[in-house]
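Worksheet: one structure, shown below.
The values are calculated or read from the model by the stated rules, or taken from the named source; none is laboratory data. Here the structure is a predicted model, which is why all the values come from computation and not from measurement. Here Cβ is always computed from backbone atoms with ideal geometry, including for glycine, and neighbour counts include all displayed protein chains. Heavy atoms of the whole protein, side chains included, go into the accessibility calculation; ligands, DNA and RNA do not. Shrake-Rupley method; radii C 1.70, N 1.55, O 1.52, S 1.80 Å.
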Amino acid sequence: MKKKGTQDTYIHGTEPSEQKRLAALNRLTNEAFVRFLGVVPRMRALEVGSGLGILAAEVAAAAEDVQVIGLEKSTEQIAAAVTAPRVTFVQGDAHAMDFLDGHFDLVYARYVLEHVSDPEKVIREMKRVVRPAGRVAVCENDITLLRLDPPCPGFDEVWRSFERYQESLGGDGLIGRRLYRLFRAAGFSRIELSFQPEVHWHGSEGFSAWIQNLIGNIESAREGLVKSGFSVEKQITQAITELMDFSQQNNASSCFVWNRAVAVR
């Protein structure tokens with residue numbers, strides 16, 4: 001669990017290589033998540049932690065006259081964000097949103113709560129700014145749910161170090177398993193949980209991109225992992241080499257699920 005008073009530090013950074021990884025991850029995961037959101041015409045939506053704005057653009061295009069505001073803390077991300085009809089970006093803090101109570105029909109966040117210092121407070125804010133009978137939806141990580149076969153022990157070791165390093169920054173790579181409890185603590189009672197599968201195998205569409213995403217996760221945190229002492233260069237290089245070899249094996253497969261929750265105010 002997060003320690004009170006810790007400050008949220010984005011483990012991946014905002015370098016061009018990370019922007020490229022995020023764009024590729026959007027291509028892998030957006031379609032299923034937009035279906036999950038159940039976007040309808042003339043909806044007013046808020047995306048909390050909008051990043052590059054790729055998802056916001058797809059939500060705005062999912063139905064007629066949908067308006068999306070993307071709230072993003074990082075000015076670098078906003079500067080790199082896509083431009084799209086009916087999408088507006090606002091710089092701000094998810095813990096204290098500068099929006100009126102009950103302003104939106106839908107408020108959603110994806111891959112965000114694992115990086116904030118107080119996820120329950122963020123969910124409470126999401127609840128505050130959604131209208132009565134409106135919906136709050138999230139999709140989050142539990143990195144322990146990743147399974148690779150054949151095994152990649154070097155990567156597994158670094159992946160565990162990645163989790164500990166993220167925790168040291170005030171993040172929580174396991175937050176997906178806590179979504180129901182967090183939503184209950186934020187005052188919701190009408191809550192549904194679900195999974196979004198990420199299942200890939202050699203020769204399947206998305207396999208190479210998914211393994212590259214795992215490599216990008218490690219690469220983006222390489223400097224911090226080493227400086228913090230949670231890992232060493234040799235281990236990280238070995239893990240990445242292992243994944244690259246894994247991607248070429250014709251018997252290789254990867255199974256993972258994102259954790260999702262949706263609640264009605």
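In plain terms, the chain from residue 184 to residue 253 could stretch by 21.3 nm, reckoned as 0.36 nm per residue minus the Cα-Cα distance. I need the shape label for the range 190-253. Rule: rounded when a/c is under 1.5, else prolate if a/b > b/c, else oblate, with a, b, c from the alpha carbon gyration tensor. Oblate.
Working from Cα pairs under 8 Å separated by at least six residues, relative contact order for the chain is 23 percent. Quick check: the angle from helix 153-168's long axis to the longest principal axis of the chain, C-alpha only, nearest 10 degrees? For helix 153-168, the angle is close to 40 degrees. Got a number for carbon plus sulfur as a percent of the chain's accessible area, 1.4 Å probe? It is 51 percent, rounded to a whole number. Using only Cα atoms, tell me the angle between helix 207-228 and the longest principal axis of the chain; keep it within 0 to 90° and round to the nearest 10. Roughly 80 degrees, rounded to the nearest 10. Between residue 75 and residue 244, the simple label model (points 7 Å from Cα in the Cβ direction) yields a spacing of 3.7 nm. Here residue 86 and residue 193 are evaluated by their C-beta separation; at R0 = 35 Å the FRET efficiency comes out at 0.70. Per residue, the accessible area of the range 79-203 comes to 46 Å², computed with a 1.4 Å probe over protein heavy atoms only. Mind pulling the angle between the C-alpha long axis of helix 119-129 and the longest principal axis of the chain? Nearest 10 degrees, somewhere in 0 to 90. Relative to the chain, helix 119-129 is tipped by roughly 30 degrees.
Dividing the summed -39500 (n - 2.57) terms of all DSSP H runs of n ≥ 4 by the residue count of the chain sets its mean residue ellipticity at 222 nm at -12500 deg cm²/dmol.
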